[in-house]
1. Pull up the range 100-126, narrow it to residues that are under 20 Å from GLY209 (Cα atoms) and not in a helix (DSSP H, G or I), then point me to the one that is nearest to ligand 1 (Cβ to nearest atom).
2. Would you say ASP205 is part of a strand (DSSP E or B), within 12 Å of ligand 1 (Cβ to nearest atom) and within 30 Å of ILE126 (Cα to Cα)?
3. Restricting attention to the range 123-142, report how many residues are under 25 Å from PHE180 (Cβ atoms), of a type outside the set (Ser, Thr, Tyr) and touching a residue at least 60 places away in the same chain (Cβ under 8 Å).
4. State all residues of the range 71-100 that are within 16 Å of ligand 2 (Cβ to nearest atom) and aliphatic (A, V, I, L, M); if no residue qualifies, say none.
5. In the range 127-163, what residues are farther than 23 Å from GLN284 by Cα, of a type in the set (A, V, I, L, M) and more than 13 Å from ligand 1 (Cβ to nearest atom)?
6. Select from the range 18-36 the residues that are of a type in the set (A, V, I, L, M) and more than 20 Å from ILE130 (Cα to Cα) and list them in ascending order.
7. Only one of GLY178, GLY213, GLY236, GLY209 is crowded, with 21+ Cβ neighbours inside 10 Å and closer than 14 Å to LEU142 by Cα; which?
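Each value in this text was obtained by applying a stated rule to the coordinates, not by laboratory testing. From a predicted model like this one, the values you see are computed outputs, not experimental measurements. Backbone-built Cβ (ideal geometry, glycine too); neighbour counts: all protein chains shown.
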Amino acid sequence: MKVLVIGGDGYCGWATALHLANKGYEVGIVDNLIRRYWDSELGVDTLTPIASIQKRIAHWQDLTGKKIDLFIGDITKYDFLQDAFAKFEPSAVVHFGEQRSAPFSMIDREHAVLTQVNNVVGTLNILYAIKEHCPECHLVKLGTMGEYGTPNIDIEEGYITIEHNGRKDTLPYPKQPGSFYHVSKCQDSLNIHFACRVWGLRATDLNQGVVYGVLTEETGMDELLINRLDYDGVFGTALNRFCIQAAIGHPLTVYGKGGQTRGFLDIRDTVRCIEIAIANPAEQGKLRVFNQFTEMFSVLDLAHMVQKAGQTMGIKVEIDHLDNPRVELEEHYFNAKNTNLLDLGLQPHFLSDALLDSLLNFAVKYRDRIDLTQILPKVSWRR
Ligand code: NAD
Ligand code: USQ
């Protein structure tokens, strides 16, 4: 089976491309390497020294004998995308290729527009490419739990059954995104749903929570295959940032009260969830939605867990409550369903002392690469 991994040079995409190749799928990577450019524009860098995509792929082939095709180009350019589809002829497309940082999308008007054009146009082009080249191809699209926001009722997986004035229907779950980035994901979901209903395409929207960790079976095989690990205030995410902050003795940057609760998952489960979604495709004409996270934590819970893990390693970890640069509820109800992937066989790697330990040790190993000026948040939702 041929799987095109769009955004295959990124954090989730690289790990997934190797995992699928290891499992015997024929893999092609599409990426325009824009994420590497955005990093250099902001003056930030991954904690880990990542090789060029060409070197990564060549080294993977040397180690395993497995070939990965590479298409370098921008999916918002339809001619390029069509050409990649015609050459590769995918039976499934996994779409990670978006601008994925909430703070990046809130820098200013230009970054909000860039984010929405890049994400919405890219996804729309993929829908057209599937319709025109391979209408039976299964689209597996990375959405986000942040599409739902933090409603005061349980969060279902994509749809909710509502009774209203004596009538009943199952409808898309209401969306309350928390940044212009998250809004782009909601627009993607609407476009994919429309294409499934009107053109009969099939898709799975994976509403993923915040991913943590860096090693997977494949990316851990050799240092040249190492994955990116972001720690800066724009692209770094909560738990990864906290472990890296702890490793250099920087107080943990909890925004506001820290009662913000989110779904989280280990990157080893990200790759497995994608494999499960591909192996069990959606029905033709349907948009299926899975909530892709394994556990829920508040930001302050995570900070306390990192503090405890640091103590056992002899590292003193302080927790700071910074003025929250975002506009979000700091105390709220949050109870999201996540049974669809479990029912299909996902066996979660729950957050453990061993994982925190290995992430902290990883951060200690590369601590000399850390730029202290990139740790505090600089982007405000209010400006
Ligand atoms: P990332 O920035 O590491 O990787 C994204 C990749 O897509 C990059 O290599 C980038 O160059 C590429 N890309 C972006 N726009 C492109 C375009 N127009 N054409 C071709 N390639 C393009 O991001 P990630 O952390 O791997 O996230 C991947 C996906 O998963 C995103 O859609 C994100 O919204 C979603 N997601 C991520 C997380 C997380 O915690 N990292 C959580 C939930 C959902
Ligand atoms: N937070 C802190 N301190 C930090 C960083 C974050 O308190 O140093 C808080 C934020 O205020 C927020 C929560 O932690 O309440 C999560 O923030 P995050 O930066 O870890 O994640 P987020 O901005 O939501 O975005 C990340 C990915 C995005 C994905 C999303 C999944 O960058 O691509 O869509 O996680 S979710 O959060 O479920 O929407």
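1. The residue in question is ARG100.
2. Numbers: part of a strand (DSSP E or B): yes; within 12 Å of ligand 1 (Cβ to nearest atom): yes; within 30 Å of ILE126 (Cα to Cα): yes.
Here the answer is yes, as ASP205 does meet what is asked.
3. Number of matching residues: 7.
4. Result: VAL94, single match.
5. Passing the criteria: ILE153, ILE155, ILE162.
6. Within the range 18-36, LEU18, LEU20, ALA21, LEU33, ILE34 meet the criteria.
7. GLY209
Yes/no per residue for (1) within 16 Å of ligand 2 (Cβ to nearest atom); (2) of a type in the set (Phe, Trp, Tyr); (3) buried (at least 19 other Cβ atoms within 10 Å of the Cβ); (4) closer than 14 Å to ILE57 by Cβ:
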position	(1), (2), (3), (4)
GLY13	yes, no, yes, yes
HIS19	no, no, yes, no
VAL27	no, no, yes, yes
ARG35	yes, no, yes, no
TRP38	yes, yes, no, no
ASP45	no, no, yes, no
